Amino acid sequence: MENAKAGSADENKRIVECLHRLELIRRMRIQCMLKGTDAHRGQGPILDYIEQHPGCTQADAAEAIGISAPSIACSVRRMEKAGLIKRTADECDLRRNRLELTEKGRKNHIRIKELFRELDEAMLYGLDGAEKQLLISFLDRMTANLGKDKAQSSVSELIKELHRMEDENRE
């Protein structure tokens, strides 16, 4: 019985290490592929949101994506400086900015989406449809094991919850 537990613990550790290594390598590939695009790793969801909601406010985007106001303000400044987006004052409330992609931003965003599609294809290369479905099933089960009440939550909802928890820990 002890050996079964030890073997199981070793297998569990190896699985977690594999998941961690996969995420680290994926992040490294993202850093490399974004060179020359004037975009940074975390800006994709912001560009997606602005593309789908032209004229949105920073607050709208932050809420939808699940990031803090200071985080989006920093990203918006960076993207504006790079010429990817433009901010215009809201006609009804000059304290609010409306966001839109520039032509450069649209072209970069199309290229970034293509790069991510290529990355996903490379990562999943050699897996057939049945294997992908099995992987989805395993990952869904692992997600449910850790957070039964959160297993069906969207990524943005989970990010918001994580930020809330981090803020509580700082207080």
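The values are calculated or read from the model by the stated rules, or taken from the named source; none is laboratory data. All values derive from a computational prediction rather than experimental measurement. As a convention, Cβ positions derive from the backbone with ideal geometry for all residues, glycine included, and neighbour counts pool all protein chains shown.
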query: Residue check: is ARG141 closer than 22 Å to ILE30 by Cα and not in a loop (DSSP other than H, G, I, E, B)?
result: no
query: Can you find a residue in region 102-119 that is modelled with pLDDT of 90 or more, within 30 Å of ARG77 (Cβ to Cβ), not charged (D, E, K, R) and not in a helix (DSSP H, G or I)?
result: yes
task: Check whether at least one residue in region 81-96 is in contact with a Lys or Arg (Cβ under 7 Å, 6 or more places away or on another chain), among the hydrophobic types (A, V, I, L, M, F, W, C), surrounded by 17 or more Cβ atoms within 10 Å (Cβ to Cβ) and within 16 Å of ALA39 (Cα to Cα), and report yes or no.
output: yes
message: Taking the criterion of being over 26 Å from LYS160 (Cα atoms), out of contact with any strand residue (DSSP E or B) (no Cβ under 7 Å at 6 or more places or on another chain) and among the basic types (Lys, Arg), would at least one residue in region 87-95 satisfy it?
response: no
field: Count - residues of region 123-156 that are surrounded by 10 or more Cβ atoms within 10 Å (Cβ to Cβ) and either more than 16 Å from the chain's Cα centre (by Cα) or closer than 18 Å to PRO70 by Cα (or both)
entry: 22
query: What are the pairs, 6+ residues apart or on separate chains, where a residue within region 122-134 that is farther than 17 Å from MET28 by Cβ has its Cβ under 8 Å from a residue that is surrounded by 11 or more Cβ atoms within 10 Å (Cβ to Cβ) and aliphatic (A, V, I, L, M)?
result: LEU127/LEU135; LYS132/LEU124
